[in-house]
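The values are calculated or read from the model by the stated rules, or taken from the named source; none is laboratory data. Remember, it's a predicted structure, so these values are computed and weren't measured experimentally. So basically every Cβ, Gly included, is an ideal-geometry build from the backbone, and we count neighbours across all protein chains shown.
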Amino acid sequence: MSVTLVTASGTGVSAHRVDEYLQAARIAIDPDRVQLELDLTPGIALAETILADIDRDRDGALSSEEQRAYGSLVLNALTVDIDGTPVRAELASAGFPGADEIRRGEGTVRLQLTAALPGLSSGVHHLRFRNRHHPDRSVYLANALVPASDRVSVTAQRRDANQTELTIDYTLRAAPARPPAAWLLGGLVAATALSALAIRPLRSFR
């Protein structure tokens, strides 16, 4: 996924306070899917609270099962819709720091999510992303990434006051039509192959 932002947020990652849970979302729109990167960085004062959410058995280790469970917890707090129609996001991958890094305020949980989009006509569309994970003492950032496909152009981004909600206006261009010459060439190749089979002499088996 590209990491180039269409616009930069006014609040930098390094500026979040020790008593804040920084949640930074980056969203990439392709013609047939949307990909999300979500970085979650708890400040020192919130570290134990977040660790308690992840480390359910309190053994000090963040097992793969606990990581998946926390990823699902975050996913359930996110919603994505396209032109008002909800789309289902799935957790594609997750990266978790060690518990000590989180306690020092240096650990960032990184989640990658993906959602398939329905077949869309060319024209203007609106994608809305909402994040309701851990609303107490969280700081949210949300930005669109520069699309990798030249069929997609982001035209505007609209956020609510605390950036828990981001609406991305974009234009989708139609897929280029296959050149007629390619179809003609394919037909000629097929016809030649059939002709060669038709005139091949038959051999008898003895």
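Okay, here's what the table says:
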{"quantity": "Tally of residues being in a strand (DSSP E or B) and loosely packed, with under 14 Cβ neighbours inside 10 Å across segment 122-160", "calculated": "5"}
{"quantity": "Checklist (1) at pLDDT below 95; (2) at negative phi applied to Arg137, failing item", "calculated": "(2)"}
{"quantity": "Flag for Gly119 being exposed (fewer than 12 other Cβ atoms within 10 Å of the Cβ), of a type outside the set (A, V, I, L, M), out of contact with any Phe, Trp or Tyr (no Cβ under 9 Å at 6 or more places or on another chain) and not in a strand (DSSP E or B)", "calculated": "yes"}
{"quantity": "Segment 31-45 - residue that is surrounded by 16 or more Cβ atoms within 10 Å (Cβ to Cβ) and among the acidic types (Asp, Glu) and, of those, nearest to the chain's Cα centre (by Cα)", "calculated": "Glu37"}
{"quantity": "The one condition in (1) loosely packed, with under 14 Cβ neighbours inside 10 Å; (2) within 30 Å of Tyr170 (Cβ to Cβ); (3) touching a helix residue (DSSP H, G or I) at 6+ places or on another chain (Cβ under 7 Å); (4) not aromatic (Phe, Trp, Tyr) that Leu113 fails to fulfil", "calculated": "(1)"}
